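Asker: My structure is below; once you've seen it, I'll send some questions.
The values are calculated or read from the model by the stated rules, or taken from the named source; none is laboratory data. What you are looking at is a predicted structure, and each value in this text was computed from that prediction instead of being measured. Glycine also receives a Cβ, built like all others from the backbone with ideal geometry; neighbour counts cover every protein chain displayed. Remember, those area values only see protein heavy atoms, side chains included, never the ligands or the DNA or RNA. Shrake-Rupley method; radii C 1.70, N 1.55, O 1.52, S 1.80 Å.
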Amino acid sequence: MKFVLPPLPYEYGALEPYIDAQTMEIHHSKHHQAYINNLTVALERFPEFQPTSAESLLLDLPAVPDDIRAAVRNNAGGHFNHSLFWQIMKPNGGGKPNGLVADEIKKTFGTFEDFQTLFNTQAKSVFGSGWAWLSVDKDGKLIVTALPNQDSPLSYNATPIMGLDVWEHAYYLKYQNKRPDYITAWWHVINWDMVEENYRAIIE
Ligand code: MN3
């Protein structure tokens, strides 16, 4: 199977002023592309091992040949995570969620603001590089987690519906060491319609 860089659903500058065009261009065309290239190179070493998708690799990492398991974990993770990340942002996003996911957030975490505080705390807590995630666990419950590097919730029995990349490459040009400012700004570009769509795809 051939892995390809999905086009961004908006222009590189579309998330300004919250995420700058240069960061978006490097992040998408260089970083995301590098995960795809590295994944491809790793898999070429085992032509008899033919995954059907990045998801299938992440759902069953123990099935990946030992020699390339770490590379697959990092790079299939990088490909899958970023593919989700671009989709759950949009220009003129932000605000509060609607629909089923909004109801479930309230049921699980209290108010929307309680959820946001928890998510922000997880995003700030990542030591070094990683992500904060909102996922649906195997019992259908919403969970907020932080994971290191490019680890995907898929490898931890959960399906992500929203994630925030807190690698420095996601914000350093504009925000330098001020990760909390990037996190605050990011809520202005969240695409709640897509989060709702992701949620419905799992529970319906
Ligand atoms: Mn990234």
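Asker: Please go through region 8-33 and pick out each residue that is out of contact with any helix residue (DSSP H, G or I) (no Cβ under 8 Å at 6 or more places or on another chain) and under 22 Å from Val72 (Cα atoms).
Answerer: Of everything in region 8-33, those that are out of contact with any helix residue (DSSP H, G or I) (no Cβ under 8 Å at 6 or more places or on another chain) and under 22 Å from Val72 (Cα atoms) turn out to be Ser29, Lys30, Gln33.
Asker: Looking only at region 142-154, which residues are over 26 Å from Lys106 (Cβ atoms) and without any contact (Cβ under 8 Å) to a residue 24 or more places away in the chain?
Answerer: Correct list: Pro148 only.
Asker: How about region 124-141: which of its residues are in contact (Cβ under 8 Å) with a residue 40 or more places away in the chain and open to solvent by 40 Å² or more (accessible area, probe 1.4 Å)?
Answerer: Narrowing region 124-141 to residues in contact (Cβ under 8 Å) with a residue 40 or more places away in the chain: 124, 126, 131, 134, 136, 140.
Listed by number, the list holds a single entry, Lys124.
Asker: Separate question: Is region 77-89 home to any residue that is surrounded by fewer than 22 Cβ atoms within 10 Å (Cβ to Cβ) and away from the ligand (no atom under 16 Å from the Cβ)?
Answerer: There is no residue in region 77-89 that is surrounded by fewer than 22 Cβ atoms within 10 Å (Cβ to Cβ) and away from the ligand (no atom under 16 Å from the Cβ).
Asker: Applying the selection to region 23-42, what residues are open to solvent by 20 Å² or more (accessible area, probe 1.4 Å) and more than 16 Å from the ligand (Cβ to nearest atom)? Quick ask: steps written out before the conclusion?
Answerer: As a first pass, look at region 23-42 and keep what is open to solvent by 20 Å² or more (accessible area, probe 1.4 Å): 25-26, 29-31, 33-35, 37-38, 40-41.
Passing the criteria: Thr40, Val41.
One line per residue, one yes/no per condition, for (1) within 18 Å of Tyr171 (Cα to Cα); (2) not in a helix (DSSP H, G or I):
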site	(1), (2)
Val4	no, yes
Pro7	no, yes
Glu11	yes, yes
Ala14	yes, yes
Asn38	no, no
Glu55	no, no
Pro62	no, no
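Asker: Let me ask something else. So in region 90-123, with the set limited to residues that are under 19 Å from Ala201 (Cα atoms) and in a loop (DSSP other than H, G, I, E, B), which one is most open to solvent (accessible area, probe 1.4 Å)?
Answerer: Top of the filtered list is Asn98.
Asker: Also, I was wondering about something else. Looking only at region 152-204, how many residues end up being farther than 21 Å from Ser56 by Cα and not in a helix (DSSP H, G or I)?
Answerer: Number of matching residues: 13.
Asker: A further question follows. Out of all the residues in region 48-60, is one or more surrounded by fewer than 19 Cβ atoms within 10 Å (Cβ to Cβ), among the β-branched types (Val, Ile, Thr) and without any contact (Cβ under 8 Å) to a residue 40 or more places away in the chain?
Answerer: no
Asker: Can Asn157 be described as at positive phi, without any contact (Cβ under 8 Å) to a residue 60 or more places away in the chain and surrounded by fewer than 20 Cβ atoms within 10 Å (Cβ to Cβ)? Outline the logic, then answer.
Answerer: On the way: at positive phi: yes; without any contact (Cβ under 8 Å) to a residue 60 or more places away in the chain: yes; surrounded by fewer than 20 Cβ atoms within 10 Å (Cβ to Cβ): yes.
So Asn157 fits the description; yes.
Asker: While we're here: Of Asp139, Asp60, which residue is in the same structural domain as Pro180 (by TED's automatic domain parsing) and on the phi < 0 side of the Ramachandran plot? Talk me through it step by step, then tell me what you get.
Answerer: Numbers: Asp60 fails: in the same structural domain as Pro180 (by TED's automatic domain parsing).
That would be Asp139, the only listed residue that is in the same structural domain as Pro180 (by TED's automatic domain parsing) and on the phi < 0 side of the Ramachandran plot.
Asker: A further question on this structure: Yes or no: Ala71 outside the structural domain of Ile161 (by TED's automatic domain parsing), on the phi < 0 side of the Ramachandran plot and either in contact (Cβ under 8 Å) with a residue 40 or more places away in the chain or within 16 Å of the ligand (Cβ to nearest atom) (or both)? Please lay out each step first, then the result.
Answerer: Values: outside the structural domain of Ile161 (by TED's automatic domain parsing): yes; on the phi < 0 side of the Ramachandran plot: yes; either in contact (Cβ under 8 Å) with a residue 40 or more places away in the chain or within 16 Å of the ligand (Cβ to nearest atom) (or both): no.
Criteria not met by Ala71.
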